[in-house]
Amino acid sequence: MWGKGQPGEWVEGGDYESNDGEGGTPLLPDLQGQYRESVRAGAVFSWYEPGDPKSAQFGITTRDRQDGVQWSYVFGDVVSGLDVVRAAVNQSDNTEVTVVDCGVVLPL
């Protein structure tokens, strides 16, 4: 988690293949060039440039940014349940949270 309690706060996830921060299979490699930018809470973004092996790492924003900078490589939004993500952030020193039944990927 980054920026706890501050504007722009977000949580980190992914790296589901090697779980060592070095990446693995890129997230959604077919979305090359179809990412957007956002300043809104609930944006789901790739941590690294699309196609990079480390792009399996992603963030979920829990608070709007207020510094004028946008998150890049946004590929989704939390439609419901952002309150659950925020509740996990507010716990002390969580290192692991498991998400199940987390949604649907819609074709572009």
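The values are calculated or read from the model by the stated rules, or taken from the named source; none is laboratory data. In this text, all values refer to a predicted model and were calculated from it rather than measured experimentally. Every residue, glycine as well, gets a Cβ built from its backbone with ideal geometry; the counts of neighbours run over all protein chains shown. Keep in mind that these areas ignore ligands, DNA and RNA; they rest on the heavy atoms of the full protein, side chains included. Shrake-Rupley method; radii C 1.70, N 1.55, O 1.52, S 1.80 Å.
Yes/no matrix, rows are residues, columns are (1) under 23 Å from Val89 (Cβ atoms); (2) among the basic types (Lys, Arg); (3) over 12 Å from the mean Cα position of the chain (by Cα); (4) at pLDDT 70 or above:
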| site | (1), (2), (3), (4) |
| --- | --- |
| Pro26 | no, no, yes, no |
| Gly33 | no, no, yes, no |
| Arg36 | no, yes, yes, yes |
| Ala43 | yes, no, no, yes |
| Glu49 | no, no, yes, yes |
| Val69 | yes, no, yes, yes |
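When residues of region 46-90 are filtered for being small (Gly, Ala, Ser), within 26 Å of Thr25 (Cβ to Cβ) and either out of contact with any Pro (no Cβ under 7 Å at 6 or more places or on another chain) or free of Cβ contacts under 8 Å to residues at least 40 places away in the same chain (or both), how many remain?
Final tally of qualifying residues: 8.
Out of (1) at pLDDT 70 or above; (2) not in a strand (DSSP E or B), what's the single condition that is false for Phe58?
(2)
Take the residues in region 62-86 that are of a type outside the set (A, V, I, L, M, F, W, C) and over 13 Å from Arg40 (Cβ atoms); name whichever of them is least open to solvent (accessible area, probe 1.4 Å).
Gly81
Which one of these is modelled with pLDDT of 70 or more and at positive phi: Gly8, Gly21?
The match here is Gly8.
Considering region 32-41 alone, what residues qualify as being surrounded by fewer than 20 Cβ atoms within 10 Å (Cβ to Cβ) and touching a residue at least 40 places away in the same chain (Cβ under 8 Å)?
Within region 32-41, Gln34, Tyr35 qualify.
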